[in-house]
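Written below as structure tokens is the structure these notes are about.
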Amino acid sequence: MLRLNRFNKFVPLLLPFVAVLVFSNVLSAQLLRFWDDNRYVTENPYLRSLDLPNLWAMFTRFYFANYAPVVLLSFALDYRVWGLQPFGYHLTSLLLHGLNVALAYAVARRLLGSRTGALVAALVFAVHPLQVEAVVWVAGRKTLLCGSFALLALLCYMRSSKLDGSTKGRQLLVASWLLLGLALLCKASVVGMPAVFGVYDRLWMRHSWRRILQRNLVPLLLGGSVAALTVMAHAQAGGIKALRGGSVFVMGQIMLLVAWDYVGAFILPLNLNNLYLYDLAVLRDNWRIWLGLLPVVGVLLACCGAYRGRRLLRLGGVWMLVLMLPVANVLPLSPHRADRHVYLPLMVVGLWLGAWAARRAQPSKWRPVLAGMGGSLLIFWMVAAGSRSLAWQSDVVLWRDHLVDYPNSVTGNINLAAEYIALNRDELAAPLYKLLLTLDPADVRPPYFLAQIAARRGDVQAEIGSYRRAISVSASDAELRNNLGYALLGAGRAEEALLEFAAALAFKPGYGRALVNKGSAELMLGQYVHARDTFRAVQQLDADAPDAASGLCIALANLGDLKAALVQCEAAVNIAPENGLYLGRTAHVLVLQGNAVAALQIAQRAIAAQPQAALGYRTLGDAYRLLNEPVMAAGYYREALRLYPKNPEALQGLQLLEK
């Protein structure tokens, strides 16, 4: 018996290790490029330094439609240790979850007064598959940090309530306020924790309502302030969504359906997803909406004290209500359903199950049966949680898993396709973008990326067609107009290209890239005066633009001002000395000046820089022709024609050699 008691003392220390073990396979996971890890880690401007300006910015600015400065600070600290290595960020998340499990056991031990009950409550909180998202998703750090500070705040508050009136009690009360403030600076969803504090004061310590209000005035002010800041952050970023179906009634039906799905996911957590979709069509004759009333009414009855003598039910009901209400889309700020939303509320379910287990822990003939059933359920949860965490290994695995349940998901298909693009797997991305053309014809991204894929494949006609499709969706997009013009220019359709560049500049005056391309089209059409003026306009916007200098060089050369032309060509080469186009154009101007020796050297540099471009070979042929070496000249002209069969300058050079 003594050994058993000693073992029981070590149980709280073992629980975090169990939790870490269950989720440990996430240590090999990547950072997710297309599910917010990029926003919080790889693209986060606040990570790179912990100097005062950066710290000031973290605490005074909204970030990614949120006000969560403590979370940003935690990522910055991780970055100082790990850089951008995913392992370190996942390790921190695992350790935070392990800490939260230990804190959950301490809270349950104080509320239940039973080691058995506390063990059950902590195990439910530790290993249930619904916890996977919060633990293994790096961007879910805010849920874990918020949970750590909230549970610490609750422990301090409960202790202060017992010592109320003493110096130690006041110190613990202030500590609970500070910890709750830190929790709110991680995630505003714990704004209702003062209600949990108050219920504990009333039902466990029998404090008066006046004293409860005095003890919770500061937490109420903190919660109200952070809630207001969060709403402002969402409003500033356009994150306050319209009600689904345009009415509270429709949104209410969806949230009842969500409530029942949470119950189902707790009982049988097999179809979990990183993004749950609720189409309005699912509301039609769906009996689960009515079942959703059961958990909602049950929680409300528990809050109202309908179960006399069950103070844990009342506390749990209030806890569940105040933590789920901020994500119930009364003000539509959050997704309809997300596993991370139930991270702390799952503690309530654990407490209720722990209380039930504690009452049935007394010796009886059913005890071995119940222990066996509980152990089997625990093993099932652990296996399911470990298996579910594998879905978060990478963007490809995550979004493929999502599409198993939602094959027509626009978000899922677009993110998976984008990850394939990032991995240079165009052949896998293209079918997804083609599917998206039918799923959401009004989305400009699929035709845009199909055009990019066609460009990399060298299919100019498909590129042009895809850009035209994109422009039919977003006619005033200057970038699309410019890209279409560039594709038309590559197809030799300079007049059409010129119209697109003009349209791009009409929608976005001073668009430098469109101006450069417009000048190139004018060169191709022989409009050298217009080209000269266009390239000079680019230089007024950016004096060091090498494209503008190189284009102006050719325009001036064709207008007969070879000296000024060479100055511009040399300026372009000075900026980008390894650019084959700029070198080739410089060699061309030197040929026009009759400086064959200098042209020969520059043309050889052009070929070395860009061996698959015809320009270097053609100008090298011109230089050898001027040096009266027809055999060498003819060889380079033929190589230029091999690379570009319709090269007029190379054809002309061969004709001159024949004469």
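Worth a mention:
- Taking region 445-488 as the range and being outside any helix (DSSP H, G or I) and open to solvent by less than 40 Å² (accessible area, probe 1.4 Å) as the test, only 474 passes.
- Annotation note: Cβ proximity below 8 Å between a residue of region 267-286 that is within 14 Å of residue 255 (Cα to Cα) and open to solvent by less than 80 Å² (accessible area, probe 1.4 Å) and a residue that is of a type in the set (Lys, Arg) and assigned to a loop (DSSP other than H, G, I, E, B) (sequence gap 6+ or interchain) occurs for 276/337; 278/337.
- Only a single item in (1) open to solvent by 30 Å² or more (accessible area, probe 1.4 Å); (2) over 30 Å from residue 422 (Cα atoms) is not met by residue 22, and it is number (1).
- Among the residues of region 509-528, those that are open to solvent by 40 Å² or more (accessible area, probe 1.4 Å) and at negative phi comprise 509, 513, 518, 524, 525, 527, 528.
- Residues in region 315-339 that are free of Cβ contacts under 8 Å to residues at least 60 places away in the same chain and assigned to a loop (DSSP other than H, G, I, E, B): 330, 334.
- Screening region 586-647 for helices (runs of 4 or more DSSP H) wholly inside it with 1 or more residues that are in contact with a Leu (Cβ under 9 Å, 6 or more places away or on another chain), surrounded by fewer than 17 Cβ atoms within 10 Å (Cβ to Cβ) and basic (Lys, Arg) returns the ranges 630-643.
- Qualifying residue in region 367-379 (condition: surrounded by 15 or more Cβ atoms within 10 Å (Cβ to Cβ), of a type in the set (S, T, N, Q) and within 28 Å of residue 27 (Cβ to Cβ)): no
- Restricting 401, 440 to residues that are surrounded by fewer than 23 Cβ atoms within 10 Å (Cβ to Cβ), under 24 Å from the mean Cα position of the chain (by Cα) and in contact (Cβ under 8 Å) with a residue 40 or more places away in the chain narrows the list to 401.
- Residue among 37, 51 that alone is acidic (Asp, Glu), surrounded by 14 or more Cβ atoms within 10 Å (Cβ to Cβ) and under 24 Å from residue 183 (Cα atoms): 37
- Within the set 492, 551, 560, the sole residue that is within 24 Å of residue 599 (Cβ to Cβ), out of contact with any Cys (no Cβ under 7 Å at 6 or more places or on another chain) and outside any helix (DSSP H, G or I) turns out to be 560.
- Residue selected from region 164-207 under the condition among the basic types (Lys, Arg) and over 42 Å from the mean Cα position of the chain (by Cα), by the criterion nearest to residue 69 (Cα to Cα): 170
- Test: residue in region 204-212 that is of a type outside the set (A, V, I, L, M, F, W, C) and closer than 21 Å to residue 324 by Cβ: no
- Among the residues making up region 185-229, a single one is open to solvent by less than 20 Å² (accessible area, probe 1.4 Å), in a helix (DSSP H, G or I) and farther than 22 Å from residue 317 by Cα: 226.
- Residue that is modelled with the lowest pLDDT, among those in region 129-177 that are part of a loop (DSSP other than H, G, I, E, B) and surrounded by fewer than 24 Cβ atoms within 10 Å (Cβ to Cβ): 165
- Checking the stated criteria, residue 506 turns out to be in a helix (DSSP H, G or I), out of contact with any helix residue (DSSP H, G or I) (no Cβ under 6 Å at 6 or more places or on another chain) and either over 23 Å from residue 446 (Cβ atoms) or open to solvent by less than 40 Å² (accessible area, probe 1.4 Å) (or both).
- Residue 353 vs. criteria open to solvent by 80 Å² or more (accessible area, probe 1.4 Å), touching a helix residue (DSSP H, G or I) at 6+ places or on another chain (Cβ under 7 Å) and in contact (Cβ under 8 Å) with a residue 60 or more places away in the chain: no
- For region 214-272, a residue qualifies if it is among the polar types (S, T, N, Q) and touching a helix residue (DSSP H, G or I) at 6+ places or on another chain (Cβ under 7 Å), and the qualifying residues are 216, 230, 253, 271.
- Among the conditions (1) assigned to a helix (DSSP H, G or I); (2) of a type in the set (A, V, I, L, M); (3) surrounded by 14 or more Cβ atoms within 10 Å (Cβ to Cβ), the only one that residue 294 does not satisfy is (3).
- Matching entry among 262, 278 (being of a type in the set (Phe, Trp, Tyr) and assigned to a loop (DSSP other than H, G, I, E, B)): 278
- Each residue in region 392-444 was checked for being in contact with a helix residue (DSSP H, G or I) (Cβ under 7 Å, 6 or more places away or on another chain), β-branched (Val, Ile, Thr) and in a helix (DSSP H, G or I), and 5 pass.
- The residues in region 55-82 that are open to solvent by less than 20 Å² (accessible area, probe 1.4 Å) and more than 14 Å from residue 187 (Cα to Cα) can be counted, and the count is 5.
- The set of residues in region 369-386 that are without any contact (Cβ under 8 Å) to a residue 12 or more places away in the chain and either touching a Pro at 6+ places or on another chain (Cβ under 6 Å) or of a type outside the set (A, V, I, L, M, F, W, C) (or both) comprises 372, 375, 376.
The values are calculated or read from the model by the stated rules, or taken from the named source; none is laboratory data. Not measured: the values here are computed from a predicted model. Quick reminder, even Gly has a Cβ in these numbers, built from the backbone with ideal geometry, and neighbours come from all protein chains shown. These area figures cover heavy atoms from the full protein model, side chains too; ligands, DNA and RNA do not enter into them. Shrake-Rupley method; radii C 1.70, N 1.55, O 1.52, S 1.80 Å.
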